[in-house]
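None of the figures in this text is laboratory data; all of them are computed from the coordinates on show. Remember, predicted model here, so these are calculated numbers, not experimental data. Neighbour counts are summed over all protein chains in view; Cβ atoms, including those assigned to glycine, are modelled from backbone coordinates with ideal geometry.
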Amino acid sequence: MMQHVEEQMRQIKQNLEKAKNERIRAEARLDQLEQEEKKLLQECQTLGVEPDQLDREIERLERELAEELQEISKLVPTELAE
């Protein structure tokens, strides 16, 4: 009986230590992600784009790129395009 209690206590201590280690890793990862978020928000600000407008801005840039590529292809002589 006493041996069973000691085994349970040992298991609880192991689980507690494991939980503490996981918490430390999670806190470190959270800090890393917060720093990355801060960097990305600063980059958005530098580019003059609001973070909640990124999808719209990407779509606008893709359309603009497609239009410019179409214009460029019109300027290339057809005999060179083949």
Return a yes/no flag: does segment 28-47 have any residue that is within 21 Å of the chain's Cα centre (by Cα), surrounded by 10 or more Cβ atoms within 10 Å (Cβ to Cβ), in a helix (DSSP H, G or I) and of a type in the set (Gly, Ala, Ser).
yes
Please go through segment 1-25 and give me each residue that is basic (Lys, Arg) and outside any helix (DSSP H, G or I), ordered by number.
none
